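To start, the structure under review is shown below, and the notes come after it.
The values are calculated or read from the model by the stated rules, or taken from the named source; none is laboratory data. Just so we're clear, the structure is a prediction, and the values are computed from it rather than from any experiment. Cβ placement follows ideal geometry from the backbone for every residue including glycine, while neighbour counts extend to all protein chains displayed.
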Amino acid sequence: MEDEIRQIQSILLGMYRDFYGLAESMGINVFLVGGSALGAVRHKGFIPWDDDMDIAMLRNDFEKMERFFAKTQNQWNAYQYIPVENELHPNAPVGHFYRIDQAKEYGYAHAPKLDIHPLDGVPENRFLQKVQNIAAKIYYLYVYNLPTKNKGRLMRQTTRLILFLTPDRLRRFLLMKLKKLITRWNTGTEKEICSLFGVAGYEKEKMTRDIVLPARLCVFEQCEFKVFHRVEDYLTSRYGDYRKLPPEEERAPAGGVWH
């Protein structure tokens, strides 16, 4: 199992080196986030039992990246980019970057991939924050296009009914309107930034601009990649005492690739 995880990590590292180089050539800041940022700070590389990578970029850079890939039919060198609203495999509304040969061999559900999270501005008004949060959740549901899991039976039945009552053409129209709503706050001017589809939830994913920018370099598997400027504060907000290892029974791969 350990050898298999290291093999996956080696593939992911190669993928990220290439993606990071492309982003740098385009003048795009791309950050390690989530467990990948935790691994960079605590382990100087991957968390030993981790089998995925989470990265992020500001919304304007994210849209620039998607426009670039659209011009290449979402294929670049040995890689394939899956846009947010593409339905090749039901997933969170973030970008996904695959190695083509791995996706063909193992399928999109199991191949190693980079999860690319857009970072959006947060309105200062608390009511508008609630609007953004709710709109983001509905957007997530319409992109995922399946009833929610692990949220209880009532929520699963409710989301199943919502999807049943939303014809495909209407769903796509609402996706367009919801995206326009949740991305209307500019990350260049707002005081707070949020990964709207991060696993920690809206409140924990919010952070002030000075936590994110300017980017700083951090060692990761003997390379140097960008992380948030105050990455330690970000990790404390997300994980508490992030330097403390979890119990052994919780040290399991999150991505579930190749299984």
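For the reader, a short list of remarks on this structure follows.
- Any strands (runs of 3 or more DSSP E) falling wholly within region 44-132 and containing at least 3 residues that are over 20 Å from Leu13 (Cβ atoms): 113-122
- Residues in region 152-204 that are of a type in the set (A, V, I, L, M) and either over 21 Å from the mean Cα position of the chain (by Cα) or farther than 24 Å from Ile55 by Cβ (or both): Leu154, Met155, Leu161, Ile162, Leu163, Leu165, Leu170, Leu174, Met176, Leu181.
Listed here are the residues, each with its yes/no results for (1) of a type in the set (Asp, Glu); (2) modelled with pLDDT of 95 or more.
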{"residue": "Tyr16", "(1), (2)": "no, yes"}
{"residue": "Glu24", "(1), (2)": "yes, yes"}
{"residue": "Asn60", "(1), (2)": "no, yes"}
{"residue": "Ala70", "(1), (2)": "no, yes"}
{"residue": "Asn74", "(1), (2)": "no, yes"}
{"residue": "Val84", "(1), (2)": "no, no"}
{"residue": "Gly95", "(1), (2)": "no, yes"}
{"residue": "Tyr98", "(1), (2)": "no, yes"}
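- Checking each residue of region 152-165 against the condition of being within 20 Å of Val84 (Cβ to Cβ), buried (at least 18 other Cβ atoms within 10 Å of the Cβ), hydroxyl-bearing (Ser, Thr, Tyr) and in the same structural domain as Glu87 (by TED's automatic domain parsing) gives no match.
- Among the candidates Ala78, Ala103, Ala92, Ala70, residue that is of a type in the set (A, V, I, L, M), in contact with a strand residue (DSSP E or B) (Cβ under 7 Å, 6 or more places away or on another chain) and either surrounded by fewer than 18 Cβ atoms within 10 Å (Cβ to Cβ) or touching a residue at least 40 places away in the same chain (Cβ under 8 Å) (or both): Ala78
- Considering residues of region 180-213 that are at pLDDT below 95 and among the aliphatic types (A, V, I, L, M) only, the residue farthest from Glu63 (Cα to Cα): Ala200
- Condition met for Ala136 (farther than 17 Å from Tyr20 by Cα, buried (at least 17 other Cβ atoms within 10 Å of the Cβ) and among the hydrophobic types (A, V, I, L, M, F, W, C)): yes
- Candidates Asn91, Asn145, filtered to the one that is within 30 Å of Tyr16 (Cα to Cα), among the polar types (S, T, N, Q) and not assigned by TED's automatic domain parsing to the domain that holds Asp18: Asn145
- For region 1-43, filtering for residues that are under 17 Å from the mean Cα position of the chain (by Cα), part of a helix (DSSP H, G or I) and under 30 Å from Arg184 (Cβ atoms) leaves 7.
For (1) over 16 Å from Gly35 (Cβ atoms); (2) surrounded by fewer than 16 Cβ atoms within 10 Å (Cβ to Cβ); (3) in the same structural domain as Pro112 (by TED's automatic domain parsing); (4) at pLDDT 95 or above, each residue gets a yes or a no:
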{"residue": "Ala215", "(1), (2), (3), (4)": "yes, yes, yes, yes"}
{"residue": "Cys218", "(1), (2), (3), (4)": "no, no, yes, yes"}
{"residue": "Gln222", "(1), (2), (3), (4)": "yes, yes, yes, yes"}
{"residue": "Arg230", "(1), (2), (3), (4)": "yes, no, yes, yes"}
{"residue": "Asp233", "(1), (2), (3), (4)": "yes, yes, yes, yes"}
{"residue": "Thr236", "(1), (2), (3), (4)": "no, yes, yes, yes"}
{"residue": "Val257", "(1), (2), (3), (4)": "no, no, no, no"}
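- When each of Ala103, Ala136 is tested for being outside the structural domain of Val33 (by TED's automatic domain parsing), small (Gly, Ala, Ser) and within 23 Å of Met65 (Cα to Cα), the lone residue that passes is Ala136.
- Flag for Ile8 being touching a residue at least 40 places away in the same chain (Cβ under 8 Å), among the β-branched types (Val, Ile, Thr) and within 30 Å of Tyr242 (Cα to Cα): yes
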